[in-house]
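Structure first, commentary second.
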Amino acid sequence: MSHTSERKAEHIRLCLEEQVNAEGIRTGFEQYRFRHQALPELDFAEVHLKTVFLGASLRTPLLISSMTGGSKLAGEINARLAEAAERRGWTLAVGSVRAAVEHGELASTFNVRRLAPSIPIIANLGAVQLNYGYGPDDCRRAVEIVGADMLVLHLNSLQEVFQPEGNTNFSGLLSRIERVCRELPIPVGIKEVGWGIDGVTARRLREAGAAFVDVAGAGGTSWSQVEKFRGSDAVRRAAAEAFADWGIPTAECIREVRAVLPDAALIGSGGLNTGVDAAKALALGADLAGFGRALLEPAVHSEERLDMLLERVELELRTAMFGIGAGSIGELKNTSRLIRRE
Ligand SMILES: Cc1cc2nc3c(=O)[nH]c(=O)nc-3n(C[C@H](O)[C@H](O)[C@H](O)COP(=O)(O)O)c2cc1C
């Protein structure tokens, strides 16, 4: 196995076995509640999740966040995620495709298009790689390997610090991101990995040509928590501990980015566990709601368990909409029934 794919396999294991959630910080969704509407004047059977994202018609506003690829297990997880996403009409993102860009023999673990012909698929690379030799051609290659419609570049500065083999030169990155956005013929978005993107940063990324922003805020998976279980460097591991509560809560990111960029395509993710979380993300201004680690264990376990979880999330989302009298995603996004708790 290459270094990159070994690391990816270890990430999966740690995310399944260890306490890798942020500690001392929450998503911020808990600060909001929906004000119940006792008389919704709707038929629940007609509450639907259809929406449009970057011109694509979608059956749900739900996204499987970037996670895996690059090892045998990761390939199996991607296949299961792809088949479930196709069945239920979720958008699918795969994990960083770097392993396959550098080792062509790993490409099949990322090639999910054959299993998911009809849904939008998002390829993924680390933005910082643009400071380490990557350019638009490598990004195109990543998109081709996956059969993707879009690319997302992730910003993971602190993870790179705590990763023993991390790439920590983030200087001058914005202009390189701008070049990729300009030269790729498909939408290129930017995401974090669990520490969040604030409004001002989102605007800079948007001005650089980012087609969408995925805030990937704090309160869920913490990559300093994950990295603290890796490597032999005791100082680094101990330092990672101090960042367990780092980041901008997801709800705060969504609200702030939406306020600064009223019309931009926006994904709300980071620590989502239920369809009620997704409803709050959408009501706060997100266009899609993304789920990461919450899907990992079901995806490893079985097709049945993964399907049940996706179905449960959709039921929770539709029920939350029914509970406030919103029959469509458009109505949910415009609701006045999301209240900040006192
Ligand atoms: C096992 C695992 C692997 C991940 N790999 C990637 C990756 O390759 N690229 C990326 O942008 N984010 C990656 N992430 C981060 C997720 O996309 C997401 O932003 C983050 O986990 C926060 O969402 P969550 O709290 O719902 O897990 C990974 C997450 C998990 C759990």
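The values are calculated or read from the model by the stated rules, or taken from the named source; none is laboratory data. This is a predicted model, so every value here is computed, not measured. Reconstructed Cβ throughout: ideal geometry from the backbone, glycine too, with neighbour counts over all protein chains shown.
Residues of the range 40-67 being within 16 Å of the ligand (Cβ to nearest atom) and under 16 Å from Gly147 (Cβ atoms), which ones?
Of the residues in the range 40-67, the ones within 16 Å of the ligand (Cβ to nearest atom) are 61-67.
Listed by number, the residues that qualify are Ile64, Ser66.
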Exercise. Select from the range 104-124 the residues that are under 30 Å from Lys50 (Cβ atoms) and not small (Gly, Ala, Ser) and list them in ascending order.
Key: Phe110, Asn111, Val112, Arg113, Arg114, Leu115, Pro117, Ile119, Pro120, Ile121, Ile122, Asn124
Quiz item: Only one of these conditions is not met by Glu165: (1) at pLDDT 95 or above; (2) surrounded by fewer than 17 Cβ atoms within 10 Å (Cβ to Cβ). Which number is it?
Solution: (1)
Quiz item: Conditions: (1) in contact (Cβ under 8 Å) with a residue 40 or more places away in the chain; (2) under 30 Å from Val161 (Cβ atoms); (3) buried (at least 16 other Cβ atoms within 10 Å of the Cβ); (4) within 17 Å of the chain's Cα centre (by Cα). Gly285 meets all but one. Number of the miss?
Solution: (2)
Quiz item: So is Ser65 buried (at least 21 other Cβ atoms within 10 Å of the Cβ) and under 30 Å from Arg140 (Cα atoms) or not?
Solution: yes
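Does the range 102-124 hold any residues that are among the small types (Gly, Ala, Ser) and surrounded by fewer than 18 Cβ atoms within 10 Å (Cβ to Cβ), and which are they?
So in the range 102-124, the residues among the small types (Gly, Ala, Ser) come out as 104, 107-108, 116, 118, 123.
Within the range 102-124, Gly104, Ser108, Ser118 meet the criteria.
Please go through the range 285-313 and give me each residue that is within 16 Å of the ligand (Cβ to nearest atom) and more than 21 Å from Ser222 (Cβ to Cβ), ordered by number. Even if it seems obvious, please write down each step before you answer.
Residues of the range 285-313 that are within 16 Å of the ligand (Cβ to nearest atom), as a first pass: 286, 288-301, 306, 309-310, 312-313.
Once the filter is applied, which keeps residues that are within 16 Å of the ligand (Cβ to nearest atom) and more than 21 Å from Ser222 (Cβ to Cβ), the range 285-313 yields Leu288, His301, Leu306, Leu309, Leu310, Arg312, Val313.
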Quiz item: Do you know which residues across the range 88-139 are away from the ligand (no atom under 14 Å from the Cβ), farther than 27 Å from Arg182 by Cβ and in contact (Cβ under 8 Å) with a residue 60 or more places away in the chain?
Solution: Arg88, His103
Exercise. Give Ala278, Ala320, Ala286 a once-over and let me know the one that is within 12 Å of Leu62 (Cα to Cα), small (Gly, Ala, Ser) and assigned to a helix (DSSP H, G or I).
Key: Ala278
Quiz item: When both residues are 6+ apart or on different chains and their Cβ atoms are under 6 Å apart, which pairs have a first residue that lies in the range 30-52 and is under 12 Å from Phe322 (Cα atoms) and in contact (Cβ under 8 Å) with a residue 24 or more places away in the chain, and a second that is among the aromatic types (Phe, Trp, Tyr) and outside any loop (DSSP other than H, G, I, E, B)?
Solution: Pro40/Phe322; Phe44/Phe322; Val47/Phe322
Quiz prompt | Search result, residues across the range 1-39 that are at pLDDT below 95, away from the ligand (no atom under 11 Å from the Cβ) and polar (S, T, N, Q) | solution = Ser2, Ser5
Exercise. With the checklist (1) more than 16 Å from the ligand (Cβ to nearest atom); (2) farther than 18 Å from Glu314 by Cβ; (3) surrounded by fewer than 14 Cβ atoms within 10 Å (Cβ to Cβ); (4) touching a residue at least 24 places away in the same chain (Cβ under 8 Å) in hand, flag the one item Lys72 doesn't pass.
Key: (1)
Practice problem: Answer yes or no: is there a residue in the range 209-225 that is more than 9 Å from the ligand (Cβ to nearest atom) and free of Cβ contacts under 8 Å to residues at least 12 places away in the same chain. | Solution: no
Quiz item: Would a scan of the range 141-156 turn up a residue that is over 18 Å from the mean Cα position of the chain (by Cα), surrounded by 22 or more Cβ atoms within 10 Å (Cβ to Cβ) and modelled with pLDDT of 95 or more?
Solution: yes
Quiz prompt | the range 229-254 - residue that is within 16 Å of the ligand (Cβ to nearest atom), of a type outside the set (A, V, I, L, M, F, W, C) and at pLDDT 90 or above and, of those, farthest from Leu296 (Cα to Cα) | solution = Glu252
